[in-house]
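Below is one structure, written out as structure tokens, with a few remarks after it.
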Amino acid sequence: MKRHLFCELGPTCYTISLHKEILKRNIKDFFSTDKFASTKSDKELDNLVKSHFSLIVRQLLGVDEQLQISKKANIELSSNSINGIIIKPGEVFSFWNTVGKPTAKKGYKDGLVLTKKGIDKGIGGGLCQMANMIHWLILNSPLEVVELHHHSDSLFPDSNRRVPFGTGTSICYNALDYRFKNNTDQNIQILCWCQDNYLMGELRSEKAFPYRYSIVEEDDCYIKEGKDYYRISKVYQLKIDKNNNVVDKKLVLDNHSFVMYDYSLIPQEKIKQNDY
């Protein structure tokens with residue numbers, strides 16, 4: 001018989017475990033020497049490092065559309081907290097330290113959340129899209145990611161995907177955070193806002209960096225292991241000089257994600273014979 005974790009024994013046990021993790025996080029941050037970014041400015045820094053946009057409300061098979069609509073409201077609220085934040089040299093950006101706890105009192109609604117069992121709903125659901133966008137901006141820069149929790153499963157088939165698979169991050173107040181450190185010698189700024197049905201974002205700096213960065217995905221395919229399918233790929237960060245020469249190639253993600261949706265939706269041309 002499989003031994004269950006305490007948090008898996010029921011909703012009450014899960015809540016107790018979550019509050020324990022929140023307490024541990026608060027104690028750790030209290031004694032940490034990290035300085036969290038807190039300064040905001042309405043003035044944009046001069047240099048655009050990277051911009052990105054993503055569709056907020058998408059048509060997802062089997063997902064209540066109202067959860068998607070509520071997700072948009074949640075993202076708009078979080079953008080008010082993040083937009084314009086300045087991360088000074090040596091400072092750490094913390095998603096939850098910046099946004100705070102999402103509660104109904106603050107206006108957050110039940111939105112789409114991802115759990116180990118699949119899709120569910122919860123207050124503040126959908127904020128992972130904001131964290132995903134910030135992470136994508138940071139991947140395209142020299143900044144240092146210091147906390148990241150990858151989604152372990154492939155929950156939905158691709159739908160107009162604009163970034164490599166698996167480059168998102170899981171967040172859960174306050175146990176799972178997304179954090180990066182400004183390891184450069186200049187101020188960094190995040191701008192984010194909602195426009196029509198899109199989440200818009202920019203990473204800005206005071207002056208241009210000596211290198212630019214690009215993210216590429218290689219060997220993207222699906223393999224069958226036993227009765228199950230997994231999505232496989234490798235994601236690299238390329239460091240490129242002013243002459244467009246790649247001077248460094250760093251592996252940032254080695255995907256091996258369990259496919260949780262209908263296998264008939266897997267593109268047949270992407271299924272590869274497992275050589276294991």
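What residue, of Ile223, Ile190, Ile240, is modelled with pLDDT under 95, among the hydrophobic types (A, V, I, L, M, F, W, C) and open to solvent by less than 60 Å² (accessible area, probe 1.4 Å)? Result: Ile223 is the single residue among Ile223, Ile190, Ile240 that is modelled with pLDDT under 95, among the hydrophobic types (A, V, I, L, M, F, W, C) and open to solvent by less than 60 Å² (accessible area, probe 1.4 Å). For the stretch 230-242, taking the residues that are in a strand (DSSP E or B) and of a type in the set (D, E, K, R), the one that is nearest to Val145 (Cα to Cα) is identified as Lys239.
Counting just the residues of the stretch 63-85 that are of a type in the set (A, V, I, L, M) and open to solvent by 20 Å² or more (accessible area, probe 1.4 Å), which one comes out nearest to Glu202 (Cα to Cα)? Before you say what the answer is, go through the steps one by one.
Looking only at the stretch 63-85, we keep the residues that are of a type in the set (A, V, I, L, M), and these are 63, 67, 69, 73, 75, 77, 82, 85.
Pick out the ones that are also open to solvent by 20 Å² or more (accessible area, probe 1.4 Å) and you get 63, 67, 69, 73, 77.
Details: Val63: 29, Leu67: 26, Ile69: 23, Ala73: 20, Leu77: 17 Å.
Here the residue is Leu77.
Only one entry in Lys116, Lys88, Lys109, Lys121 is open to solvent by 60 Å² or more (accessible area, probe 1.4 Å) and at pLDDT 95 or above, namely Lys88. Within the option set Asn132, Asn140, being closer than 17 Å to Gly201 by Cα, modelled with pLDDT of 95 or more and either under 15 Å from the mean Cα position of the chain (by Cα) or of a type in the set (Gly, Ala, Ser) (or both) holds for one residue only, Asn140.
Can you name the residue in the stretch 243-261 that is touching a residue at least 12 places away in the same chain (Cβ under 8 Å) and not in a strand (DSSP E or B) and, of all such residues, is most open to solvent (accessible area, probe 1.4 Å)?
Just the residues of the stretch 243-261 that are touching a residue at least 12 places away in the same chain (Cβ under 8 Å), to begin with: 247, 249-261.
Narrowing further to those that are not in a strand (DSSP E or B): 260-261.
Working: Met260: 69, Tyr261: 25 Å².
Among those residues, the one meeting the criterion is Met260.
Scanning the stretch 195-206 for residues that are small (Gly, Ala, Ser) and surrounded by fewer than 15 Cβ atoms within 10 Å (Cβ to Cβ) yields nothing.
A search for C-beta distances below 7 Å between a residue of the stretch 22-36 that is more than 16 Å from Phe95 (Cβ to Cβ) and in contact (Cβ under 8 Å) with a residue 24 or more places away in the chain and any residue that is assigned to a helix (DSSP H, G or I) and open to solvent by 80 Å² or more (accessible area, probe 1.4 Å), counting only pairs 6+ apart in sequence or on different chains, returns nothing. Can you name the residue in the stretch 207-220 that is part of a loop (DSSP other than H, G, I, E, B) and touching a residue at least 60 places away in the same chain (Cβ under 8 Å) and is also most open to solvent (accessible area, probe 1.4 Å) among such residues? Among those residues, the one meeting the criterion is Lys207. Does at least one position in the stretch 178-185 carry a residue that is at pLDDT 95 or above, under 27 Å from Ser257 (Cβ atoms) and in a loop (DSSP other than H, G, I, E, B)? Among the residues of the stretch 178-185, at least one is at pLDDT 95 or above, under 27 Å from Ser257 (Cβ atoms) and in a loop (DSSP other than H, G, I, E, B), which makes the answer yes. Sort out which residues of the stretch 81-100 are over 12 Å from Glu144 (Cα atoms) and of a type outside the set (Val, Ile, Thr), and write them in order of number. Ser81, Asn83, Gly84, Lys88, Ser94, Phe95, Trp96, Asn97, Gly100 - these are the residues of the stretch 81-100 that are over 12 Å from Glu144 (Cα atoms) and of a type outside the set (Val, Ile, Thr). Return only the number of the condition from (1) over 23 Å from Glu269 (Cβ atoms); (2) at pLDDT below 95; (3) not β-branched (Val, Ile, Thr) that Lys207 does not satisfy. For Lys207, the exception is condition (2). Screening Tyr236, Tyr213, Tyr198 for residues that are hydroxyl-bearing (Ser, Thr, Tyr) and more than 21 Å from Leu48 (Cβ to Cβ) leaves exactly one candidate, Tyr236.
The values are calculated or read from the model by the stated rules, or taken from the named source; none is laboratory data. Because the structure is a prediction, the values reported are computed rather than measured. Note: ideal-geometry Cβ built from the backbone for every residue, glycine included; neighbour counts use all protein chains shown. Surface accessibility is based on the protein's heavy atoms, side chains included, excluding ligands, DNA and RNA. Shrake-Rupley method; radii C 1.70, N 1.55, O 1.52, S 1.80 Å.
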